[in-house]
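Visitor: Before we start, here is the structure in question, set down as structure tokens.
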């Protein structure tokens, strides 16, 4: 049985991915800050207390996975704090860069011994991290953090190529979650698109940036 770890699995896209991968026959490890009722109902192996504002819980999560060899790591957890030039709060900008960019890379490095040769790592980022696609400005913290995550994920793709580990970088679309004020497509639809893109992930697609609908996105 294939094994997957999904971060931010207590709600939204992460919850739908956890449910979908379980339906597909995977052994799912769900990590989150706090277990939600919908996640608890899935009956998965769950790690509570993952906090991306610091790294103290990362080694504890690695310990939770003792003896586990993952086929797939999905870095889904993240935050969005809306801002514009006038309202920009630099502490909030720093928090978004930590949670959205630094912590996923740090956690991935800690969990590398848990990944098999030939396994996959998926990062859920955003087309708002695309410099070429930015036609509207604002959202400084979110855009900067996701652009940084994209850059780090491409470096990982290059560095992990000798281990035959592929790295996928994905925009889930505008999804109706708490983060977006419930505007956009249903999380289940986004999860299904992401599943199909991750299924296609291999060395030739590693380090490339895709929409969950299959469109390749500009940097």
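Derivation of every value follows stated rules applied to the coordinates shown; laboratory data play no part. Everything quoted here is computed from the prediction, not taken from an experiment. Note: ideal-geometry Cβ built from the backbone for every residue, glycine included; neighbour counts use all protein chains shown.
Visitor: Apply 1/(1 + (r/R0)^6) to the Cβ-Cβ distance of residue 117 and residue 196, taking R0 = 30 Å, and write down the FRET efficiency to the nearest 0.05.
Guide: 0.80
Visitor: Stretch residue 91-residue 131 to full length: gain in nm at 0.36 nm per residue minus the Cα-Cα span?
Guide: 12.2 nm
Visitor: What nm distance separates the two modelled labels at residue 161 and residue 24, each placed 7 Å from Cα along Cα→Cβ?
Guide: 2.5
Visitor: With contacts defined as alpha carbon pairs under 8 Å and 6 or more residues apart, what's the relative contact order of region 3-211 in percent?
Guide: 20
Visitor: I've got another one for you. As I understand it, the value is the acute angle between the Cα axis of helix 140-160 and the longest principal axis of the Cα atoms of the chain; what does it come to in degrees, rounded to 10?
Guide: So the helix axis and the longest Cα principal axis differ by about 40 degrees.
Visitor: How are the C-alpha pair distances of the chain spread across 5 Å bins, as whole percents from the shortest bin up?
Guide: 1, 7, 16, 20, 23, 18, 10, 4, 1, 0, 0
Visitor: Using the beta-carbon distance between residue 84 and residue 211 and R0 = 35 Å, what value does 1/(1 + (r/R0)^6) give for FRET efficiency, to the nearest 0.05?
Guide: Step by step, r from the Cβ atoms, then E = 0.90.
Visitor: Another one. Pick from 86, 23, 204: which is most flexible by mean-square fluctuation in a GNM of the chain where alpha carbon atoms under 10 Å apart are linked?
Guide: Per the Cα network of the chain with a 10 Å cutoff, 86 tops the list.
Visitor: Quick one: which of 151-160, 25-34 comes out on top by average Cβ neighbours within 10 Å, and what's the full order, highest first?
Guide: The packing order, highest mean first, is 25-34, 151-160.
Visitor: For region 36-147, what is the largest minus smallest coordinate of the Cα atoms on each principal axis, given in angstrom and ordered from greatest to least?
Guide: 49, 32, 26
Visitor: Of 109, 127, 41, which has the largest mean-square fluctuation in a 10 Å C-alpha GNM of the chain?
Guide: 41
Visitor: Report the far tail of the P(r) of region 74-201, meaning the percent of Cα-Cα pairs longer than 27 Å.
Guide: 20
Visitor: I'd like the distance separating the alpha-carbon centroids of region 78-101 and region 23-64, in whole Å.
Guide: 24
Visitor: So how much slack lies between residue 204 and residue 56, counting 0.36 nm per residue of separation and subtracting their Cα-Cα distance, in nm?
Guide: Extra length available between residue 204 and residue 56 comes to 49.8 nm.
Visitor: Pick from 46, 60, 95: which is most flexible by mean-square fluctuation in a GNM of the chain where alpha carbon atoms under 10 Å apart are linked?
Guide: Evaluated over the chain, the most mobile residue of the options is 60.
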